[in-house]
Each structure stands twice: as structure tokens, then as C-alpha cells.
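Please read the structure below before turning to the comments.
The values are calculated or read from the model by the stated rules, or taken from the named source; none is laboratory data. Because the structure is a prediction, the values reported are computed rather than measured. Cβ placement follows ideal geometry from the backbone for every residue including glycine, while neighbour counts extend to all protein chains displayed.
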Amino acid sequence: MTMIAANLQQVRARIVTACTAAGRDAAGVQLLAVSKTFGPEAVRAAHAAGQRAFGENYVQEGLTKIEALADLRGELEWHCIGPLQSNKTRPVAEHFDWVHSVDRLKIAQRLSEQRPAHLPPLSVCLQVNVDAGANKSGVPPGEALPLARAVAALPGLRLRGLMAIPEPAPDFEAQRALFLRAAAVFDQLRAAGIVLDTLSLGMSADLEAAVAAGSTMVRVGTAIFGRR
């Protein structure tokens, strides 16, 4: 067994344990392997161990890997999870399956317009800034509903849910409290009639707290691929 395969096994076990503690079905939490700064060979090793969904923070790096792994394209799901600038929307719309970091209508409109007609709608999450972090991207919670309504109406996109990256917190309860803010926005949007199925919360250091708060997708890099 490779190191990456062993690490994946451990992360999956953590998810199962966290779900059990939260009284949840582990099938309701998807693992997104964050492969930024690691090469195509690391993604191949993770794929060989059964991993299918991969997250990339940097557009060009992601595109290079997508091309290098073209033989696996039908088996891999590529997620753009980093901040997205207007001049990078076209290659993302053309090559990725998901975008987690939509926080402006302009970005969503460009992604919709640039999504090729032969591809299914691009799955997107709105990034919400739940702790008002000055250095964090994301729409303020109070502005999430009107943005969600506008994005949900765009033809080239499928609005799936919310993503948040709170500032690091010192312990489980503090982490969970921050994630619950995102979960509250998620519930608010659903109560308003927005159809959502994805709450993208939690990383290597805090996935247990994210699962406890209701996360349906955890974005794990270091615990799978190692330190960058």
C-alpha cells in the first residue's frame, strides 16, 4: 500500500468516526482530495486507491494536471476551490466540473456564459465569509440569499450549495461554532426555496468539527498528500 493510499484510508476512517459521533450516515459526507502543489503522479496514486474527486486552488496548476491525466478524465471530478478572478473564468468553465469559490454575480455570469454547450451545467458553491475575516474571500451571510437566487437562475450553472473557510480556531467547539454559522446560512437558503445539496466545510485539521456541524463535503489535502 502506498503512503497516499494509507493516508486516504485513515482520513476515511476519521470521517466515519466523526459521522458516528454526530449520529450521521458516513455516506452523506464526500471526501475531496486537495492536490494543490502535488503532481499528477500523486493524483494517480490517490485514484488507484479509490479517490475520484480532486480540488485545485490554482487554475493553471489544475489545468496542467487535467491535461496530464486526460486518460482518466472520465473517472475524475475536478473542483476549483481557490479564489477566481474574471480573467480565469473561461478555462475553469471549459475544464472543471465544480467551482466552490463563487462570491460575486459577475463571476457566476461569466462562468455561465463560458460553459461549453456540450458539457453539463457547471456545479457551483457560493463562498460565504462567516467570520468577517479581512483576508478571506466570500459573500457576507446577509447577502447570500439574493446572490443565490441570481446564480440559481443562470443557465450554464447548477447551484449546489455553500463553501466556507473560517479562520483557524483553537479547539473543537470553537471550530464547530464557526461552521454552524455557515450551516445556518445554508438552512436559511433552503428555507427560502433554494435547492441545495452541498455544504463544503472542513479541512485536515478540523474535519470532525465540520462533520458535527453538518458538512457534506470535506476538503482534505495535508492529511492525504503530506506537508507542502
Only one of GLU208, GLU143 that is at pLDDT 95 or above, in a helix (DSSP H, G or I) and closer than 30 Å to ALA6 by Cα: GLU208
Scanning region 109-136 for residues that are of a type in the set (Gly, Ala, Ser) and in contact (Cβ under 8 Å) with a residue 12 or more places away in the chain gives SER112, SER123, GLY133
Given the criteria more than 18 Å from THR17 (Cα to Cα) and in a helix (DSSP H, G or I), does ARG181 qualify? yes
Checking ASP187, ASP197 in turn, the sole residue that is in contact with a Lys or Arg (Cβ under 7 Å, 6 or more places away or on another chain), among the acidic types (Asp, Glu) and either surrounded by fewer than 18 Cβ atoms within 10 Å (Cβ to Cβ) or free of Cβ contacts under 8 Å to residues at least 40 places away in the same chain (or both) turns out to be ASP197
Subset of region 67-84 [touching a residue at least 40 places away in the same chain (Cβ under 8 Å) and not in a loop (DSSP other than H, G, I, E, B)]: HIS79
Those residues that are in a loop (DSSP other than H, G, I, E, B), within 25 Å of SER123 (Cα to Cα) and touching a residue at least 12 places away in the same chain (Cβ under 8 Å), I need them from region 1-48; list them, please. ARG24, VAL29, SER35, LYS36, THR37, PHE38, GLY39
Region 95-114 - residue that is surrounded by 15 or more Cβ atoms within 10 Å (Cβ to Cβ) and either acidic (Asp, Glu) or over 19 Å from the mean Cα position of the chain (by Cα) (or both) and, of those, nearest to ALA152 (Cα to Cα): GLN109
